[in-house]
Amino acid sequence: MFGPPGSGKGTQAKLLEESLDVCHISTGDMLRERVASGDALGKAVAGIMESGGLVPDETVNRMVEERIEQPDCANGFILDGYPRTVNQAKLLVGVLGAKKIAPMLVHLKVDYNEIITRLSSRRICSQCGAVYSMPLSPQAEAECERCGGKLTIRDDDREEVVRERLKAYDRQTTPVLEFLRGVGFQALGVEAGKRSPQVILGDIQGLIEAKYGVSKVV
Ligand code: AMP
């Protein structure tokens, strides 16, 4: 699942995880868990994440390599927020080749001005991870509608940090698309601005159906 921060990669990956019975691997979530746990890796990456920069390739590559070996990934997996650099993409291409996995590359496209508005209104449930957009669900401000958990703003969703994240995306992640195209991946573009998650999901499921002949397994 490819696209700039705030393009809805996580939202779509969560929806697809359920319908396809595959695992959702979000490197951002994994890193935030390590920061919250306060372990050595978490301490080492906290500052980088807070400023909107990218965590070193070796750290992220190792995490992803270990994660995709877990039993719940045996049916397949959705990568959300990875690869973000050409070095990460090179490792991934090697792993997919060795495992004989036929990948699909979905590129979610959204205008940057919309991203800035979206991320500054994003709230996350501290308990279940549900994502809210405040202008759409103002009643959700105090607590999560699903589990009653406290809604929080991600530290890196502040506007100045979002601008840094978009710069990192332009500088380090956009070349990943070119690299992957160069090694034979077809990037399937989906318009992800100003459309509901369910409509976007429908488009992605159509692409999955066309490629694999199936779009739902559960
Ligand atoms: P995300 O939740 O995907 O927006 O990621 C949040 C932050 O985690 C990013 O701004 C980076 O600091 C870090 N991060 C997540 N995935 C990667 C990755 N593949 N490579 C490097 N840093 C990452």
Checked against (1) closer than 17 Å to Phe2 by Cβ; (2) in a helix (DSSP H, G or I); (3) within 11 Å of the ligand (Cβ to nearest atom), Val45 satisfies every condition except (1)
The correct count of residues that are open to solvent by less than 40 Å² (accessible area, probe 1.4 Å), under 15 Å from Leu119 (Cα atoms) and part of a helix (DSSP H, G or I) in the stretch 150-168 is 6
Inside the stretch 178-187, the number of residues satisfying the requirement of being touching a Leu at 6+ places or on another chain (Cβ under 8 Å) and modelled with pLDDT under 95 is 3
message = Condition (residue is within 14 Å of the ligand (Cβ to nearest atom) and out of contact with any Pro (no Cβ under 8 Å at 6 or more places or on another chain)) applied to the stretch 125-135: is it met by at least one residue?
response = yes
Of the residues in the stretch 93-103 that are open to solvent by 40 Å² or more (accessible area, probe 1.4 Å) and not β-branched (Val, Ile, Thr), the one that is farthest from the ligand (Cβ to nearest atom) is Lys100
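Taking the stretch 48-75 only, how many residues are more than 10 Å from the ligand (Cβ to nearest atom) and either among the charged types (D, E, K, R) or assigned to a loop (DSSP other than H, G, I, E, B) (or both)? Give the steps one after another, and end with the answer.
Here is the first cut: in the stretch 48-75, the ones more than 10 Å from the ligand (Cβ to nearest atom) are 58, 62, 65-75.
If we keep only those that are either among the charged types (D, E, K, R) or assigned to a loop (DSSP other than H, G, I, E, B) (or both) too, we end up with 58, 62, 65-70, 72, 74-75.
Final tally of qualifying residues: 11.
Before we move on, is Lys43 closer than 24 Å to Gln186 by Cα and either without any contact (Cβ under 8 Å) to a residue 60 or more places away in the chain or of a type in the set (A, V, I, L, M) (or both)?
Working: closer than 24 Å to Gln186 by Cα: no; either without any contact (Cβ under 8 Å) to a residue 60 or more places away in the chain or of a type in the set (A, V, I, L, M) (or both): yes.
So Lys43 does not fit the description; no.
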Going through the stretch 1-21 in order, the residues found to be open to solvent by less than 50 Å² (accessible area, probe 1.4 Å), more than 10 Å from the ligand (Cβ to nearest atom) and under 20 Å from Cys128 (Cβ atoms) are Gly8, Gln12, Ala13, Leu15, Leu16, Ser19
Test result for Gln205, buried (at least 17 other Cβ atoms within 10 Å of the Cβ) and polar (S, T, N, Q): yes
Of the conditions (1) of a type in the set (A, V, I, L, M, F, W, C); (2) more than 18 Å from Asp155 (Cβ to Cβ); (3) under 18 Å from the mean Cα position of the chain (by Cα), the single one that Ile115 does not satisfy is (2)
Listed by first then second residue, the pairs whose first member lies in the stretch 19-34 and is within 20 Å of Ala74 (Cα to Cα) and modelled with pLDDT of 95 or more, whose partner is more than 10 Å from the ligand (Cβ to nearest atom) and of a type in the set (S, T, N, Q), with beta carbons under 7 Å and at least 6 positions apart or on separate chains, are none
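For the stretch 76-92, enumerate the residues that are surrounded by fewer than 19 Cβ atoms within 10 Å (Cβ to Cβ), at pLDDT 95 or above, of a type outside the set (Val, Ile, Thr) and more than 10 Å from the ligand (Cβ to nearest atom).
Step one: of the stretch 76-92, the residues surrounded by fewer than 19 Cβ atoms within 10 Å (Cβ to Cβ) are 76, 86-87, 90.
If we keep only those that are at pLDDT 95 or above too, we end up with 86-87, 90.
Within this subset, residues satisfying the condition of being of a type outside the set (Val, Ile, Thr) are 87, 90.
Within the stretch 76-92, just Lys90 meets the criteria.
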When every residue in the stretch 35-59 that is open to solvent by 30 Å² or more (accessible area, probe 1.4 Å) and polar (S, T, N, Q) is compared, the one modelled with the lowest pLDDT is Ser51
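The values are calculated or read from the model by the stated rules, or taken from the named source; none is laboratory data. All figures in this text were calculated on a predicted structure; none of them were measured in a lab. Don't worry about glycine lacking a Cβ; one is built from the backbone with ideal geometry, like all the others, and counts go over all protein chains shown. Only protein heavy atoms, including side chains, enter the accessible area calculation; ligands, DNA and RNA are left aside. Shrake-Rupley method; radii C 1.70, N 1.55, O 1.52, S 1.80 Å.
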